[in-house]
Amino acid sequence: AFAQEFSSKFGVFDTVAEAEENLYNLRMRNNEQFTTFIIRFEKEAYETGWNYNTLRFALRRALPQRIKDVLRLAPKQPTYDGYKALVTQIDQRY
């Protein structure tokens, strides 16, 4: 309660911590398109300053099971951008 009131009056004290928490709790909904979700994800990701390997891990965690199931069978992507492209292709097939 205090933290919410303080933030409403003076702004967020630690924007990185807030972005990290938001990213940790962020999940792609089953009926959501990945191209829509990645915008929300990267908005928070930008604030964290995390490297691409950490972002790829967080992104995988946020995906619905239907996409994770296909990712297990797909070739591993060495880059964050490659991973996003692969997830986009998987999502477009549903």
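In table form, for the structure just shown:
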item	result
Residue-span extension gain [N25 to T54] - 0.36 nm each, minus C-alpha spacing	8.9 nm
Geometric extent, Cα atoms of the chain - Rg, Dmax (angstrom)	15.3, 49
FRET efficiency, L73 to E18 (Cβ-Cβ, R0 35 Å, nearest 0.05)	0.45
Angle between the chain longest axis and helix 34-48 axis [Cα atoms, degrees, rounded to 10]	40 degrees
Total charge dipole magnitude, the chain, about the Cα centre, Cβ charges on Lys, Arg, Asp, Glu only, Debye to nearest 20	600 debye
Between helix 52-62 and the chain: long-axis angle, C-alpha atoms, 0 to 90°, nearest 10	90 degrees
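Each reported figure results from applying straightforward, stated rules to the coordinates on display, with no laboratory input. Just so you know, these numbers come straight off a predicted model, no measurement behind them. Cβ coordinates were reconstructed from backbone atoms using ideal geometry, including for glycine residues, and neighbour counts include every protein chain displayed.
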